[in-house]
Amino acid sequence: MNSTLSVLVASAQRRLLWIMLLAYALAAGWPEPGLTLRAVTPLHLGGAAVPLQAGLLAAVVFNAGLTARAEALPGLLRHPRALLVGIAANALVPTALLAVGALAADGWHSPHEAQSLLVGLALVGAMPVAAGATVFAQGSEGNATLTLGLVIGSTLLSPLTIPLGLHLGGFLASGPYAADLHAAAAHACSVFAVVTVVLPCAAGLALGRWSRARHPGALTAALPSVRAANLAVVVLLSYTNACGGLGQVVARPDPDFLLLVAVATAAMCGGSFLTGWILAGRLGLPRADAIALAYASGMNNSSAGAVVAVTRLPGNPAVLVPILAYSLLQKLLASALGAFVRHARFDDETSVGR
């Protein structure tokens with residue numbers, strides 16, 4: 001049974017991009033169930049409602065921590081340069097690129113479209129490294145330990161980096177759009193990051209470490225089921241996040257806004273990947289570390305950004321469009337980077353902690 005499930009999950013993961021596209025199409029054509037789920041708030045903390053989507057995100061992060069092989073992470077602290085540079089790049093590079101984009105979009109004919117795009121990309125750029133970066137890095141012969149360290153390090157620091165990124169984005173936006181970003185940073189995202197990102201990640205890591213030490217066979221046997229459940233949650237989260245925003249696009253298509261989103265998202269996402277690659281070259285990092293740094297720089301947890309957009313900015317569904325575009329594009333660029341690095345050569349092929 002487990003072997004069959006493992007084969008099915010592996011097959012689904014190879015087709016994840018198409019599954020996500022199907023989820024987005026379903027959200028555009030049949031959004032009512034997703035909108036109903038988005039209205040569910042099963043938990044309240046300190047007077048703040050924690051919606052079902054936040055719980056789904058927490059489940060994804062918990063599963064990422066549970067399945068992570070974190071035993072080699074302490075070795076990164078003996079040579080932390082690549083780890084520190086990667087976390088800093090993930091936190092700051094998107095904002096720097098966003099500043100350039102804000103200048104370029106300043107003369108756009110619709111201030112609402114330009115500002116909605118800016119807010120959406122700021123929400124993505126403020127989020128930690130996506131857990132999916134580990135999958136792409138491993139498939140491209142990247143440093144798996146460093147990539148995992150960048151995912152966990154940026155996640156654990158997210159109560160600091162999420163508000164920082166949103167405040168910086170707020171300084172680039174204007175009017176009520178800037179106020180929305182500053183309010184999200186000041187009032188929600190610290191609690192959001194702790195409850196839905198940091199605590200689930202830490203709990204998953206702790207449970208995974210305990211299980212491997214006390215009952216190693218049990219966790220191994222459960223992994224196919226855990227991965228299947230995680231895949232189902234990822235798809236459900238993508239569907240619920242897309243409901244509303246894509247429905248608006250289908251009901252009132254705006255080709256010039258979609259073109260603006262495509263160009264800006266490609267510039268920011270591609271620029272982030274490229275910056276990570278260039279930084280690795282400037283630092284003289286070995287090939288495996290350079291691959292890890294490029295993926296960490298270019299891949300952000302877009303699901304977390306979408307959850308913040310839906311829960312904190314429900315009155316402006318247009319901000320979801322660049323977030324969803326970024327989610328798909330970063331997977332396409334990650335695949336393209338994988339094809340590129342298979343032919344890249346570095347003078348130093350060794351890697352610390354690999």
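Working carefully through the options 252, 209, find the one that is open to solvent by 60 Å² or more (accessible area, probe 1.4 Å) and either under 15 Å from residue 64 (Cβ atoms) or touching a strand residue (DSSP E or B) at 6+ places or on another chain (Cβ under 7 Å) (or both). Break it down into steps so the answer makes sense when it comes.
Working: 252 fails: either under 15 Å from residue 64 (Cβ atoms) or touching a strand residue (DSSP E or B) at 6+ places or on another chain (Cβ under 7 Å) (or both).
Just a single option satisfies the conditions, and that option is 209.
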Can you work out which of the residues in region 109-135 that are within 17 Å of the chain's Cα centre (by Cα) and among the small types (Gly, Ala, Ser) is nearest to residue 201 (Cα to Cα)? 131
If I filter region 133-154 down to residues being open to solvent by 10 Å² or more (accessible area, probe 1.4 Å) and among the β-branched types (Val, Ile, Thr), which single residue comes out as farthest from residue 330 (Cα to Cα)? 145
Filter pass, residue 38 being among the charged types (D, E, K, R) and under 28 Å from residue 147 (Cα atoms): no
Expected output for region 11-32 (first residue among the acidic types (Asp, Glu), partner surrounded by 14 or more Cβ atoms within 10 Å (Cβ to Cβ), Cβ below 9 Å, 6+ apart or cross-chain) is 32/243
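Taking into account only those residues within region 155-193 that are hydrophobic (A, V, I, L, M, F, W, C), in a helix (DSSP H, G or I) and open to solvent by 60 Å² or more (accessible area, probe 1.4 Å), which is modelled with the lowest pLDDT?
The extreme case among them is 191.
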Failed item, numbered, when residue 196 is tested on (1) modelled with pLDDT under 85; (2) surrounded by fewer than 19 Cβ atoms within 10 Å (Cβ to Cβ): (2)
So which residues in region 290-310 are among the aliphatic types (A, V, I, L, M) and more than 13 Å from residue 240 (Cα to Cα)? 290, 291, 292, 293, 294, 296, 299
Of the listed residues (151, 195), the one being under 18 Å from residue 72 (Cβ atoms) and among the hydrophobic types (A, V, I, L, M, F, W, C) is 151
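Within region 217-228, which residues are under 22 Å from the mean Cα position of the chain (by Cα) and open to solvent by less than 50 Å² (accessible area, probe 1.4 Å)?
Step one: list which residues in region 217-228 are under 22 Å from the mean Cα position of the chain (by Cα), which gives 226-228.
Listed by number, the residues that qualify are 226, 228.
This table checks each residue for (1) open to solvent by 10 Å² or more (accessible area, probe 1.4 Å); (2) more than 23 Å from the chain's Cα centre (by Cα); (3) closer than 21 Å to residue 61 by Cβ.
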| site | (1), (2), (3) |
| --- | --- |
| 230 | yes, no, yes |
| 237 | no, no, yes |
| 240 | no, no, yes |
| 262 | yes, no, no |
| 271 | yes, no, no |
With a cut-off of at least 2 residues that are open to solvent by less than 50 Å² (accessible area, probe 1.4 Å) and within 29 Å of residue 290 (Cβ to Cβ), name the helices (runs of 4 or more DSSP H) lying wholly within region 14-106. 16-29, 52-67, 81-104
Working carefully through the options 116, 110, find the one that is of a type in the set (Ser, Thr, Tyr), modelled with pLDDT of 85 or more and open to solvent by 20 Å² or more (accessible area, probe 1.4 Å). 110
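The values are calculated or read from the model by the stated rules, or taken from the named source; none is laboratory data. These numbers come from a predicted model, not from an experiment. In this analysis, Cβ positions are derived from the backbone assuming ideal geometry, glycine residues included, and neighbour counts consider all displayed protein chains. Areas reflect the complete protein model, heavy atoms only, side chains present, ligands, DNA and RNA absent. Shrake-Rupley method; radii C 1.70, N 1.55, O 1.52, S 1.80 Å.
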